[in-house]
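Since every read-out is calculated from the coordinates, none of them should be taken as a lab result. Computed from a predicted structure; not experimentally measured. Quick reminder, even Gly has a Cβ in these numbers, built from the backbone with ideal geometry, and neighbours come from all protein chains shown.
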Amino acid sequence: NSATEKVGLHELIVTGITDGKEKIADTLHVELWSDRKPQVLAYSVLKTYPHMASSFTQGLEFQGNTLYEGTGQNGQSKLMKIDLATGSVIQSVSLPEQYFGEGITIANDRIYQLTWTSGQCFRYKMDFTLEKAFTYHTEGWGLTHTDSTLIVSDGSNKLSFYTPDFQKTGELTVYDDKGPVMNLNELEYVNGYVLANVWKTNRIVQIDLTSGKVVGEINISSTLPAGIDTSENVLNGIAYKSGEKALYITGKNWPSLFKIQVNGLF
Ligand code: DDQ
Ligand code: CA
């Protein structure tokens, strides 16, 4: 067997010897992975806030000091403005029952909210009036933005880039040193990188937007709320408060929301 390597993302081609000649084996095996081992980023919990345990969190983001949350499940999906100190709702709008709400982000003073399998992204004015609906052709999972580029995850190891009018402009595949990092879910753009929590894990990965490599990771296993059923009620919410250089994290139906400081992120 032989392997060829390229710099950056590696490509492995497995070949076999048949009748003394080297041939590509019956099963051509091509795998891509990163040449970089993610740096484990240590963190500390600065504060614990209440979070509504009825919220199936699918998107979390600050605009200034104001926290916004989007929730999922058919018939229970909402866009909400949240009072951080109490966890209670300041303002909310419900999605029609046929939609399963997913990631949210706020760009150019507009709130965007994805849906899981309906291929519809809703855009609201800051007063929560619905302004427009856009169509896309993947599942909708997480959403964040940098300047006016929207960044969407779809449950694969891919991030897709869209204009504010939801025209697709590109995509990026994400790898760590073990291979493709699938199930990228809720997203947050922080300081040149995209953070993504990986569905059904306690892992947040830090993705380099130029290469797709996972350069860092945070494991929040020691910060799960007590007594939650972690089969579906998983970590799913990362919001960055730039003034504080702090992250706020929560999960689906978690009773708490944690303010954390991560070493080496900023
Ligand atoms: N997604 O957020 C990973 C994109 C979808 C999660 C869907 C989980 C469905 C759970 C439904 C539970 C109903 C009680
Ligand atoms: Ca977020």
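Just a few scattered comments:
- Rounded Å value of the spacing that divides the Cα centres of the range 39-62 and the range 134-191: 20
- Which of Val152, Met52, Tyr112, positive extreme of dipole for the chain (C-beta unit charges): Met52
- Within the chain: Cβ-based charge dipole about Cα centre, in debye rounded to nearest 20 (Lys, Arg +1; Asp, Glu -1): 480
- Sequence-distant lysines (8 or more away, or on other chains) whose Cα lies within less than 16 Å of Lys259: Lys47, Lys241, Lys245
- Listed residues Gly20, Gly140, Gly155, most fluctuating in the chain (Gaussian network, C-alpha, under 10 Å): Gly20
- Two-site label geometry, Thr149 and Thr201: point separation in nm, points 7 Å out along Cα→Cβ: 2.4
- Amide hydrogen neighbours beyond the local backbone of Leu95, cut-off 5 Å, H modeled: Ser77, Lys78, Leu79
- Here the range 53-176 is described by how far its Cα atoms reach on the three principal axes: 38, 33, 30 Å, from widest to narrowest.
- Extreme residue, positive dipole direction of the chain, given options Leu209, Ile249, Gly101 (C-beta unit charges): Ile249
- Taking Leu235, Leu224, Leu184 as the candidate residues, the one with maximal mean-square fluctuation in a Gaussian network model of the chain, Cα springs under 10 Å, is Leu224.
- Placing +1 on each Lys and Arg Cβ and -1 on each Asp and Glu Cβ, with no other charges, gives the range 140-266 a dipole about its Cα centre of roughly 180 debye.
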